[in-house]
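One structure is given below, encoded as C-alpha cells.
What follows draws every value from the coordinates through simple rules; no lab data is involved. What you are looking at is a predicted structure, and each value in this text was computed from that prediction instead of being measured.
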C-alpha cells in the first residue's frame with residue numbers, strides 16, 4: 001500500500017458529521033435578536049485550535065464546505081501586531097496587548113506604510129479572556145523609530161506582524177459569530193525593522209473551533225484525531241524565536257563540527273512532560289547556564305518527516321513544514337565519541353522561507369528517493385549557553401507515524417557559540433560529556449535512558 005495516497009482525516013471524517021450537536025445552556029443566554037458582534041462579545045467561549053499541514057487542506061475543505069454555511073466578512077485577511085515588552089525590552093514579546101486589523105491582502109501589500117493607514121482594534125488578552133479596549137483609525141508614529149506607534153497615549157514598539165487569510169463557517173442552528181469554525185488557509189509572520197517588514201516564514205493552516213463554554217463536546221472529540229494536530233503552546237512564536245537565535249549564534253560557529261548530539265529515550269510518560277523539569281533544572285544551574293530565549297524560554301514546532309531509502313548513501317529524510325515547504329536532510333558516517341553521537345549532516349536551515357512547495361511524494365520522485373514511512377514530530381526546544389559561550393539545545397521530541405508507532409526522546413545538541421568564535425571539537429565534546437552527566441544526575445533522570453537509536457532507524461523499521 002502506498003501510505004502517501006491515503007488521507008486519514010478524509011477516511012475518518014468524510015462520513016456524516018453531527019455538526020449540529022446540541023449546545024449546553026450557556027449558549028441559550030445569547031439573544032437571537034442581538035448582532036453577531038454583540039453575541040460574540042457577550043458569550044463566553046472555548047477555543048480549540050488544531051494545526052494542519054498545507055498538503056492536507058485540499059481534503060478537509062470540501063468536507064467543511066459541504067456541511068456548514070459560510071459566514072461572509074468584508075475582508076479576507078486578518079492582521080495582528082504584537083509589541084515588544086515595554087518592561088523587559090527586546091526581544092521579549094508583550095503577550096497581553098495587540099492590534100487587530102482587517103483588509104484585502106490582494107490590494108494591500110504588507111509594508112509599514114500601508115499598515116499605518118488601516119483601522120485597528122486595540123485588544124488585551126489575559127489567559128482566555130480577550131477584550132476590545134478601543135479603536136485606532138490609522139497608526140500614529142511615535143518618535144524614535146519607524147516601528148513605534150502611539151497606542152492609548154503611550155508609545156509602543158511594534159515587534160511582529162501576523163497575517164492570516166481566513167474563512168469562517170457557522171456552527172449549529174443560530175448561524176452567528178458566537179459559535180463558528182475558522183480555517184486559516186495561510187499564515188505568515190513578519191518582523192518589524194527600521195523601515196521595512198522582514199518575512200520570517202509561513203506557519204501553515206490552522207483550524208479553530210469557537211463555541212459557548214462547555215458546548216459541542218462531540219465535535220471537539222471527533223476533530224481531535226486524523227490529520228488535525230492539537231496546536232502546540234506558543235507555536236506561532238517559533239519563527240520569531242528562530243530569528244532571535246540566528247541573531248545570537250552565527251552558523252559558522254557550529255557548521256564545521258558536523259552534528260553533535262546525545263540522545264535519551266523517554267521511559268515513562270511523554271517527552272512534553274519533561275519540558276518544565278528541564279526549565280527548572282536550567283534555572284537551578286543559573287550560575288553556569290543562561291537561557292537564550294525570552295519568556296516562555298522555549299520554542300515549539302511541528303514537522304512531518306518522510307523516511308526514505310537511499311541504499312548505501314546514508315540516511316535521507318524529507319522535511320515537510322506545516323506550510324507545505326520541503327527540503328532534504330541527509331546523515332552519514334555516524335559514530336560515537338563517548339556519550340556523543342557524531343554525524344555528517346546536510347540540512348537546510350531556511351526551509352520555512354525557501355523550501356520547495358511540493359508534496360512529499362513528488363519531492364521524493366524528483367530526487368530519486370523511495371519513501372518508506374512518515375511521522376509527525378512535535379518538539380519543544382530549550383536553547384541555553386554556558387558562561388564560556390558554548391550554546392546547546394535540549395529538545396523534547398514526540399514522534400508518531402500513521403500506523404500508530406510512537407517514539408519519545410530527549411536530545412542534547414550543540415548549536416554554536418554566542419561569542420562568535422569557532423570552538424574546537426574536543427572542547428565541545430568534553431563539555432557535552434559533562435552536561436550528559438549533569439542530566440543523568442537531574443531530578444528527571446529516572447524518566448530517561450541513554451540511546452543511540454535514530455528516528456530514521458526506528459520509523460524505517462516500523463513500515
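Working note: Cα atoms of the stretch 106-157, range along each principal axis, descending, whole Å: 31, 31, 18.
Reported to the nearest whole Å, the Cα centre-to-centre distance from the stretch 115-148 to the stretch 254-290 is 38. With kT/(6 pi eta Rh) evaluated at 37 °C and eta = 0.692 mPa s, and Rh the Kirkwood radius from Cα pairs, the stretch 245-460 diffuses with a coefficient of 182 µm²/s according to Stokes-Einstein.
Converting the Cα gyration tensor eigenvalues of the stretch 303-383 into ellipsoid dimensions via √(5λ) gives semi-axes, longest first, of 22, 17, 11 Å. Stokes-Einstein diffusion of the stretch 246-294 at 20 °C, 1.002 mPa s viscosity, Kirkwood radius from Cα pairs, rounded to a whole number: 156 µm²/s. Could you state the number of Å between the C-alpha centres of the stretch 152-209 and the stretch 49-83? Measuring centre to centre over Cα atoms gives 11 Å. Dimensions of the stretch 380-463 along the principal axes, based on C-alpha atoms and rounded to the nearest Å, stand at 45, 28, 22, largest first.
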